Amino acid sequence: MNKSTHSAVIGAAPEGAGDPQAAALAVREMFTSIAPRYDLLNHLLSFNVDRMWWRKTARRFAAVLSRPEANVLDLCCGTGDMTLALLREAGKSSNRILGADFSHAMLQRAGEKSAGTPLRWVEADALRLPFAGEHFDLVTSAFGFRNLADYDAGLREIVRVLRPGGECGILDFGEPRGVVGKIYRIYFKRVLPVVGTMISGVRGPYAYLPSSVERFPGPEEMLERMRAAGFCEVSWTPYTLGIAGLYWGRK
Ligand SMILES: C[S@@+](CC[C@H](N)C(=O)[O-])C[C@H]1O[C@@H](n2cnc3c(N)ncnc32)[C@H](O)[C@@H]1O
């Protein structure tokens, strides 16, 4: 069954959040609460594979990133690792890469990590971006899109700010099948929440992570939603046996 059939709006729904507004608030509070330990936990819990996924995603957009006039937005940028990977791919002289997030604490860390680079940071909600239409050549989002309270609204907002022909890359977790899937699910549902909670000192976020991945549409449905939002070409590329994957779209 299609994961979305029971509700009109589909998006993140942290425990106790009854509507999209409450969900967005809970998500922002959650990330703000783990901001100080976010990077450490990310690298530890993914065995550093996260770095490879960001690099691989940035490489996929090498052509657009090589154009000095290209405007680039990294949405839900958090502490800026995807944004920094884009900058590395583009070359240090690129001054048109912007990271946006609605958690001030996450952005503060992004600012500290990127001191001395031309990266710029904007505090903004991905569902109401403070940019004119058709401004960006590339919009990326790594492990952030899944947390939006309304996926379709998020996709429409990305399409709105992209130039015709512009590209989008959404990197997120998947649900691998077979034996790998079974082992992975034990790790993701049992081990990760315990270790995450212990190190961050906060209970909610690392229990929310596996449930948010479970709620997230599978590749077929997500590609359908991307087309419906206005992308002309779409694809999904699995990374590391489908543990993560990249949704690509062209407006
Ligand atoms: C799991 S973190 C990912 C951070 C970073 N992209 C990475 O790869 O590590 C998700 C981020 O999405 C942000 N986020 C979630 N919903 C958002 C929204 N509606 N608008 C802006 N940022 C949002 C959170 O504040 C958080 O920093």
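The values are calculated or read from the model by the stated rules, or taken from the named source; none is laboratory data. Computed from a predicted model, the values in this text were never measured in an experiment. Here the Cβ is made from the backbone with ideal geometry for all residues, glycine too, and neighbour counts use every protein chain on show.
General observations
- Leu127 surrounded by fewer than 24 Cβ atoms within 10 Å (Cβ to Cβ), within 25 Å of Gly245 (Cα to Cα) and within 11 Å of the ligand (Cβ to nearest atom): yes
- For the residues Met30, Met106, the requirement of being aliphatic (A, V, I, L, M) and under 26 Å from His135 (Cα atoms) singles out Met106.
- Among residues of region 30-61, those that are crowded, with 21+ Cβ neighbours inside 10 Å and over 26 Å from Val191 (Cα atoms), counted: 3
- Hits in region 218-251 - residues which are among the small types (Gly, Ala, Ser) and in a loop (DSSP other than H, G, I, E, B): Gly218, Gly230
- Total residues in region 31-61 satisfying the condition of being away from the ligand (no atom under 13 Å from the Cβ), touching a strand residue (DSSP E or B) at 6+ places or on another chain (Cβ under 9 Å) and part of a helix (DSSP H, G or I): the figure is 1.
- Odd one out for Glu89, checked against (1) more than 14 Å from the ligand (Cβ to nearest atom); (2) of a type in the set (D, E, K, R); (3) more than 24 Å from Glu157 (Cα to Cα); (4) touching a residue at least 40 places away in the same chain (Cβ under 8 Å): (4)
The rows are residues; the columns are (1) surrounded by 15 or more Cβ atoms within 10 Å (Cβ to Cβ); (2) modelled with pLDDT under 95.
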position: Gly165; (1), (2): no, no
position: Thr197; (1), (2): yes, yes
position: Ser200; (1), (2): yes, yes
position: Ala207; (1), (2): yes, yes
position: Pro210; (1), (2): yes, yes
position: Arg225; (1), (2): yes, no
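- The set of residues from region 62-84 being assigned to a loop (DSSP other than H, G, I, E, B) and either buried (at least 23 other Cβ atoms within 10 Å of the Cβ) or within 8 Å of the ligand (Cβ to nearest atom) (or both) comprises Cys76, Cys77, Gly78, Thr79, Gly80.
- Condition met for Gly154 (touching a helix residue (DSSP H, G or I) at 6+ places or on another chain (Cβ under 7 Å), under 22 Å from Arg215 (Cα atoms), modelled with pLDDT under 95 and within 15 Å of the ligand (Cβ to nearest atom)): no
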